[in-house]
Amino acid sequence: MNKKNRFIVILTVSLCCFWLVSCTPKVPDEAEIVILSWNDLHGDFENLPQLLAFVEKTKATYKHVIVADAGDRFTGNPFNDFYERKQYPIIELQNRIGVDVAVLGNHEFDYGVALLNERIKEGQSVVLTANIELKTSGLRGVKPYYIVNKDGIKIAFLGLTNVDRRTGKPTALAEHVAGIQFFDPIETAVRFRFLREKSHVFVALSHIGITEDLILADSMPELDLIIGGHSHTLIDEPLIQNSVLITQTGRSGRYVGKTKIVLKKGVITEISNELVSMANWDGPVDSTMVCRIRKYKNNPFLNETFATMLHEIPNQTQLGHMMTDAMLTLPNVDFSLINCTGIRTNRLRAGEVTYADILRVSPFGNYLVTVSLTPAEIREFIELEFTDKRNCLMIPGGFEYTAKHTLGDNIEVERITYPNGKELDENKKYRVATNNYLATKYLMQHIDDSSFTSVFVVDNMVEFKKNNPNMDYRNVRIRARFN
């Protein structure tokens with residue numbers, strides 16, 4: 001190489017190096033990042049005007065604000081679920097709020113992949129999940145992780161979606177996730193340890209539940225923060241596990257998590273979290289947001305009164321009793337069973353009852369299935385569902401049972417009887433009504449052509465309330481209890 005060409009090469013390399021150095025953002029001596037987060041909105045509009053106002057106030061106060069949603073934006077509010085473009089209202093309203101990043105929850109799959117893709121395309125947030133085989137899932141516009149750059153400070157978000165270890169699928173109807181390959185979220189997360197080296201702040205945006213989040217923190221001390229969802233846990237005091245801060249805000253946007261992260265020369269020196277109640281918000285709210293919500297709630301069918309109740313149904317357990325009693329009206333049914341977590345509201349007020357009221361109790365579009373089970377199989381069914389949910393007993397109709405806790409957060413059903421105390425016949429098969437979600441999750445071997453009905457859970461409850469408007473559930477004997 002002659003001197004002239006060597007000079008040109010050296011000059012070119014020097015200019016490239018200068019360009020790289022001059023264009024690489026310098027890490028500030030000190031920076032403060034604020035992450036606002038919530039989880040499990042389930043389409044609920046009620047707190048969004050306050051939430052928007054709080055986000056705007058925070059952005060006016062702090063220079064670097066990131067807004068994150070930890071999953072389950074879909075399913076739970078009939079005005080969102082039964083809008084002419086299903087699930088569009090919550091996407092449009094969150095666009096107004098300015099959600100930067102969101103993880104897929106299990107209920108994002110409630111209406112199938114095609115509709116989910118439409119809503120992802122319409123949304124303005126980056127949508128994440130790392131524990132799905134994205135190439136073959138049919139999902140579009142979804143990433144495993146996302147790195148936000150705030151004046152040279154890099155904040156990595158890793159998305160994790162709920163997977164039931166027994167089924168290998170998220171907690172959703174089997175037909176809506178058929179053909180999609182899901183992976184264990186903890187085993188997946190540890191494969192992304194490299195994000196620690198690519199970021200100044202490493203966040204898991206997690207929709208796997210508090211129990212799994214604690215395991216995740218133990219497995220990945222590389223994380224700085226876990227923003228959780230799925231278990232609807234309200235973490236009102238800072239929770240530190242293995243030096244990882246974990247936050248979760250309950251559900252329905254009643255609270256917002258505000259996480260402040262202080263860095264000096266790119267190193268975290270302080271991280272703190274607080275919950276801010278939207279119910280106690282006393283500042284101004286966005287009038288445009290209020291008007292949009294009023295429009296979405298203007299649905300004549302959902303607002304139609306179909307019955308007037310003399311007595312309120314005061315809690316979730318008694319709502320479950322009403323649901324299982326309604327199932328017993330199916331022909332040739334002996335018993336009924338539902339999962340307590342399928343009851344999505346706390347009570348049903350006395351007075352006029354609308355379709356929207358019933359859809360808030362059971363928003364999932366499930367239909368009824370009947371299966372033939374022996375008492376031993378009924379016990380197994382109850383024990384499996386409790387092991388999966390780890391929070392409350394299944395609610396029966398037509399029989400009662402007692403259970404005890406066993407090792408590993410499991411239960412054992414001890415005694416199962418008719419309401420009058422008479423023991424069931426252990427050699428007999430009983431026809432049990434349940435919903436199609438539970439039937440396809442646990443009872444596939446018991447399903448035959450006669451199992452499936454054309455009766456939706458909600459329609460079954462509506463007819464039952466029409467025919468029994470004055471039934472009093474305020475003091476009904478609890479049918480499932482611990483010894």
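The values are calculated or read from the model by the stated rules, or taken from the named source; none is laboratory data. Remember, it's a predicted structure, so these values are computed and weren't measured experimentally. As a convention, Cβ positions derive from the backbone with ideal geometry for all residues, glycine included, and neighbour counts pool all protein chains shown. To get the accessible areas, we keep the full protein, side chains included, count just its heavy atoms, and leave off ligands, DNA and RNA. Shrake-Rupley method; radii C 1.70, N 1.55, O 1.52, S 1.80 Å.
Annotations
A quick yes/no check of all residues on (1) touching a Ser or Thr at 6+ places or on another chain (Cβ under 8 Å); (2) buried (at least 21 other Cβ atoms within 10 Å of the Cβ); (3) over 26 Å from residue 314 (Cα atoms); (4) free of Cβ contacts under 8 Å to residues at least 12 places away in the same chain:
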residue: 407; (1), (2), (3), (4): no, no, yes, yes
residue: 412; (1), (2), (3), (4): yes, no, yes, no
residue: 420; (1), (2), (3), (4): no, no, no, yes
residue: 435; (1), (2), (3), (4): no, yes, no, no
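- Segment 227-252 - residue that is touching a Leu at 6+ places or on another chain (Cβ under 6 Å) and open to solvent by less than 10 Å² (accessible area, probe 1.4 Å) and, of those, nearest to residue 49 (Cα to Cα): 250
- Scanning segment 143-179 for residues being open to solvent by less than 20 Å² (accessible area, probe 1.4 Å), at pLDDT 95 or above and farther than 14 Å from residue 202 by Cβ gives a total of 3.
- Residue count for segment 35-77 satisfying the condition of being of a type in the set (A, V, I, L, M), open to solvent by 10 Å² or more (accessible area, probe 1.4 Å) and assigned to a loop (DSSP other than H, G, I, E, B): 0.
- Among the residues of segment 261-298, those identified as assigned to a loop (DSSP other than H, G, I, E, B), over 25 Å from the mean Cα position of the chain (by Cα) and over 29 Å from residue 201 (Cβ atoms) are 282, 284, 285, 286, 298.
- Selection within segment 364-389: residues that are over 26 Å from the mean Cα position of the chain (by Cα), open to solvent by 10 Å² or more (accessible area, probe 1.4 Å) and among the β-branched types (Val, Ile, Thr). The member of this set that is farthest from residue 297 (Cα to Cα) is 374.
- Taken as a whole, the condition of being of a type in the set (Asp, Glu), at pLDDT 90 or above and open to solvent by 50 Å² or more (accessible area, probe 1.4 Å) applies to residue 472.
- Residues of segment 169-202 that are in a loop (DSSP other than H, G, I, E, B) and out of contact with any Leu (no Cβ under 9 Å at 6 or more places or on another chain): 171, 172, 173, 177, 178, 179, 181, 183, 184, 193, 194, 199.
- Filtered residues of segment 102-121 (kept if part of a loop (DSSP other than H, G, I, E, B) and open to solvent by less than 20 Å² (accessible area, probe 1.4 Å)): 104, 105
- Qualifying residue in segment 442-457 (condition: at pLDDT 95 or above, closer than 30 Å to residue 352 by Cα and in contact with a helix residue (DSSP H, G or I) (Cβ under 8 Å, 6 or more places away or on another chain)): yes
- Restricting segment 416-464 to residues that are in a loop (DSSP other than H, G, I, E, B) and touching a Pro at 6+ places or on another chain (Cβ under 7 Å) leaves a set whose member that is nearest to residue 479 (Cα to Cα) is 424.
- Sole exception among (1) surrounded by fewer than 18 Cβ atoms within 10 Å (Cβ to Cβ); (2) within 25 Å of the chain's Cα centre (by Cα) for residue 361, by number: (1)
- The set of residues in segment 265-315 being aromatic (Phe, Trp, Tyr) and surrounded by 13 or more Cβ atoms within 10 Å (Cβ to Cβ) consists of 281, 296, 306.
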